[in-house]
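Below are the structure tokens for one structure; questions will follow.
Derivation of every value follows stated rules applied to the coordinates shown; laboratory data play no part. Please read these numbers as outputs of a predicted model, since none were measured by experiment. We place every Cβ from the backbone using ideal geometry, glycine too, and count neighbours over all the protein chains shown.
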Amino acid sequence: MKVRFSISNKLKFGFGVYIFCVILLALYTDDTLKYSRAVNDRINTIYAPSIKSLEELDYQLVRANQLMKQWAYVQQRADHLERIEALTFCTQVIPAQLARVDSISVQWPMEQQTEKNIMSSDIQSVLLFYSEVRNLLPDFNSHNPTITDPIIVINAQELFIEGGDLQGFLSSAQNRLRKLTATQRSEMAIEIEKMNDSFGELTQVFIWVAAVVVLIGMFLAFITIRSIVRPVNALREKLYNLSQGIYSLHETRANNDEIGDMAKAVDRLVRNFERTKEFSLSVGAGKFDMPYEPLSQHDELGGALLQMRDDLASYRHQMEEKVAAQTLEIREQKERVEQQNERVTELYNDLQASIDYAQRLQNTILPSEEAIREVFAQHFVMYRPKATVSGDFYWFANKGKKLMFAAADCTGHGVPGAFMSLVGHNALNQATKVYNKPSQVLNTVNRLSAQALRANENHLVKDGMDIALCTVDLEAMELEFSGAQNPLYIVRGSELIELEADGFSIGSYVNGEREFTAKKAEIKSGDCIYAFSDGYADQFGGPAGKKFMRKQFRQLLLEINSLPMNEQLATLHKRFDDWRGDQEQVDDVLVVGVRI
């Protein structure tokens, strides 16, 4: 009996070997790291603090000796800085440092602790000598032989003579101190060397494990190629040929595993294709008596082929009659469709001609570039209708000392919006013949729009208009603004000033119920003033397919306001197109900018 070693068992074996090696390496690495952490802890808690404390104590002893020798030989006042420093070192700094050394030394070996205790005793003796010096020469006049007994001065200075008791205790303490420091440094170096050795051993283990893993991988790769890859490639080639309608009848060699089962199934499929091809050719040639046996009772393709043969044989004449009838019907339907297409084309051309004429009518109400330049020399208008005609329009007027401009957004877009824009533009022209105050103009526009659309108390027109209307007085350097839903932005360098609009639209209320408010602002030379509809901020796009939003629009204006007006317009167009990407434009877009 042939042994069956399945693909899953092969993969389990290979991955098991890899996992075993990784676990061994992880355990060894963890042990090395634990040892390293222990060494590092001893360095941080014992050796490094010990060395630091001993070196600081050594420095303090040297400094204290210098200061106390100066105390004995140099006449100084009691408040002299070096006297204060000497007193501090002897009474506070050195005792405190000895206490720190004592607290750390509890972790030292007994031999080092004994050496430390002798050193501490020597230092205490030195401090007693220093105390005696201070007692002999307590004040400013202690050094003056005419006032103080000169014997006292000599006695104090004799304590610092080389070979004396004070110098003996000091030298002994310093020698022991430096010996302890050297010992701590040596032990710390030994610990570090051991830690480095452990990492070196870990590196060697890594190398050996990597070599073993590579060899095992090469062996497994060889086994995999031999037992899996080669048969799979042979099956892939045979299946690819089948997808192209090409097949051969030679059997695929494979092992006794899942791939071998697949190879046998593919070979059976190929043989069945050969039988199916011969049967199909016979049926196609009209030989409906050609015998054919399905692979099994569950062979749906075989059953379908037999059913197809029977259906073709029994309904051949009926199908010919149906084809003839359907051909006649299709011919008649084609003639009707062609007639309808001609009618649709005619209607479309009429509609497009009407829309084109509406566009020409709407363009007549929009001021030309020359007319705008007569009002504001530095300006730009970004005007991008969603359809051929637009619900947005812009308006400029020169009223003597008052320069006026507006950006309006009528309900909807396309043809309905264009009709509203004609009504709004006409109302603006009529209102500004009488008024130049923006709030009065908008109140009048609301009344005139209602009259034009025949609105009354029983029939409130739902179509409306959002607008930002601005009047500029260059002599007084003052701006007056009134708005319906749409605000006005004044950008001055890195500052953006927003003049808010009233929260209702023109045409959204019966005339007289509400009044538009006026807002004034001081302007300066170089200021940029922007009026706009909501189309730019409401455009969907960007990476997440979200709206551009007013906040990002304000930031964009702050970025571009220092540019020439034509470059500002180009930047607005480019940023809009980049943001929109492949998204559809959702609304008419209008942005008007002027520079004072």
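Can you list the residues of the stretch 534-550 with backbone N under 20 Å from a point 7 Å past the Cα of Lys574, pointing along Cα to Cβ?
536-537, 541-543, 548
Tabulate in residue order the Karplus-calculated ³J(HN,Hα) for the stretch 17-34, using 6.51 cos²θ - 1.76 cosθ + 1.60 with θ = phi - 60°, rounded to whole Hz; enter x for Gly and Pro.
Per-residue couplings from phi come out as 5, 4, 5, 4, 4, 5, 5, 4, 5, 5, 5, 5, 5, 4, 5, 5, 5, 4 Hz.
Could you name the lysines whose alpha carbon sits less than 19 Å from that of Lys334, not counting residues in the same chain fewer than 8 places away?
Cross-link targets: Lys322.
Oh, and also: How would you rank Val434, Val126, Val153, Val491, going from fewest to most other Cβ atoms within 10 Å of each one's own Cβ?
With the fewest neighbours first, Val434, Val126, Val153, Val491 line up as Val434, Val153, Val491, Val126.
Calculate, for Glu332 and Ile216, the FRET efficiency according to 1/(1 + (r/R0)^6) with r their C-beta to C-beta distance and R0 45 Å; round to the nearest 0.05.
In this case the efficiency is close to 0.05.
What net charge do the residues around Asp587 carry, taking every other residue with its C-beta under 13 Å from that of Asp587, with Lys and Arg at +1 and Asp and Glu at -1?
Counting the neighbours of Asp587, the net charge comes to -3.
Using Cα positions and a limit of under 29 Å, work out the lysines in reach of Lys238, with same-chain residues fewer than 8 apart set aside.
Correct list for Lys238: Lys2, Lys10, Lys12, Lys264, Lys277.
Among the lysines, select those whose C-alpha is under 21 Å from the C-alpha of Lys399, and discard any that sit fewer than 8 residues away in the same chain.
Lys433, Lys437, Lys519, Lys520, Lys524
How would Leu177, Leu27, Leu239, Leu469 line up from fewest to most surrounding beta-carbon atoms within 10 angstrom?
Leu27, Leu239, Leu177, Leu469
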